[in-house]
Amino acid sequence: MSPEPGAASVENARQGGHVTQGAPTLEARGLVKTFGHVVGLAGVSLKLYPGEVLAIIGDNGAGKSTLIKCLSGALTPDEGEMLLDGAKVEFKSPVDARRAGIETVYQTLAVAPALDIASNLYLGREVRDSGPLGRFFRKLDTRGMRAKAKDELKDLGIGTIQDITQKVETLSGGQRQAVAVARAAAFGSKVVILDEPTAALGVRESGQVLALIKRLRGRGLPVILISHNMPHVFEVADRIHIQRLGRCAGVITPRSHTMEEAVAIMTGATTLDEAAEAPGDGKSAAGRDGGDRTRT
Ligand SMILES: Nc1ncnc2c1ncn2[C@@H]1O[C@H](COP(=O)(O)OP(=O)(O)OP(=O)(O)O)[C@@H](O)[C@H]1O
Ligand SMILES: [Mg+2]
C-alpha cells in the first residue's frame, strides 16, 4: 500500500516508457469542488510536465470539465491547491490564469461570433497602434493584428480559412473551433488546455487539431486534452488521466494499456491494481483526497 494514495503514485508505477522529467509545469493537489450536494471533484491530483500531452478521459459527469475549470480559473476549488512552475497560484478568474500563461478552450466554445477572426484571436489582448492615436485614443492596430492572425493560422496549419476579416459567425463549426484552438495555441505561454476540441470537427479538421497539439508539444508547451475519442487520445497523448465519479481512477499511457483497458477503467468494469489503493478506499466521496499530502 502506498502511504500517499493518489494519482502521483499510480503515475509513477505506470510510466510505460514515457519520461516525465524535471518539475511539473502545472500541478494540482487534492482538488475538491462541490455544487450543493453534487460532487464535481472529490480530491483530484494531477501533474503536467513540460512538453507532454496529458489526456483526461472519463464518462459524462466524471468531473473532467470541472477539473480544467479549476485549473483555468473559471471555477474556484473548495479545497486543494495548484502550483504553476512550483509556485502556488490562486486564480480568481480565467483572466488571472491567462495572464499566468494558461490558455483554455472550453467545451462550450467561447468565441465572439460577431467579431472577425483576427479580433477573436486578439480578444482581451488587443494590440494598440504604436503611434499617438494608440497611446492616447487607444486606437487598435487592426492591420497589424490581421497580418499576425493570418500568419498564426498559417503557422498552425489551419488552411481552410480563406478570409481573415470574415466574421466568426459565418465560419463553419469546425473552423470556429479551429480559431479557438489557434487562439489558445498562439497565446498559451505555459499551458494549453483543450476541452473536447475535436468533438464538432470532421476528419480533416480533427486531424489538423491533433497535428497542432503535436506541434505545441514540439515547442515544449504542455497540453491538457479532454476527449471522448479514444483513437485521438491514443494518437497524441503521452499519459492518460482517467477520471471516474469525481476521482482519478489512475494514470496510464498508450503503451501501458490498450483502448479497451482504458475504457474498462473509465467505466469501472476493471480497476488498475494501483487504483485500488489510490483514490478508492471505500469511504464516501466528498472530502476524501487522492493527494492531500500538502493539506493539514
Ligand atoms: N455548475 C454546476 N452546478 C451543478 N452541478 C454541476 C455544475 N457543473 C458540473 N456539475 C456536476 O458535476 C459533475 C461533473 O461535471 P463535469 O462537467 O465536470 O463532467 P465532465 O466529465 O466534463 O462530463 P462530459 O463528458 O459530459 O463533458 C456532474 O455531475 C455535473 O452535473
Ligand atoms: Mg465536460
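Cβ crowding within 10 Å ranks Asp151, Asp238 as Asp151, Asp238, fewest other Cβ atoms first. Stretched out straight at 0.36 nm per residue, the stretch from Asp151 to Val38 would grow longer than its current Cα-Cα span by 36.2 nm.
List the pairs from Lys139/Lys214; Lys47/Lys92; Lys33/Lys167; Lys167/Lys214; Lys88/Lys139 whose alpha-carbon separation is above 32 Å, in the order I gave them. Over 32 Å Cα-Cα: Lys139/Lys214; Lys33/Lys167; Lys88/Lys139.
Arranged from fewest to most other beta-carbon atoms within 10 Å of their beta carbon, Glu260, Glu27, Glu79 become Glu260, Glu79, Glu27. One decimal place: the segment His228-Val95 gains 45.2 nm when fully extended, by the rule 0.36 nm per residue minus the C-alpha distance. Test of understanding: ordering Arg146, Arg219 by Cβ neighbours within 10 Å, fewest first, what list do you get? Ranking Arg146, Arg219 by Cβ neighbours within 10 Å, fewest first, gives Arg219, Arg146.
Taking label positions 7 Å along the Cα-Cβ direction at both Leu115 and Leu245, the computed distance is 4.3 nm, reported to one decimal.
Amide H to amide H distances under 5 Å link Val39 with no residue, where only residues 5 or more positions off or on other chains count and H is placed in the peptide plane.
Shape of segment 162-273 from its Cα gyration tensor (a ≥ b ≥ c, root eigenvalues): rounded if a/c is under 1.5, otherwise prolate when a/b > b/c, or oblate? Prolate, because a/c is 1.5 or more and a/b exceeds b/c.
Readers should treat all values here as calculations from the given coordinates under stated rules, not as data from a laboratory. In this text the structure is predicted, and so the values were computed from the model without any measurement. Using ideal geometry, Cβ is built from the backbone for each residue, glycine included, and neighbour counts are taken over all protein chains shown.
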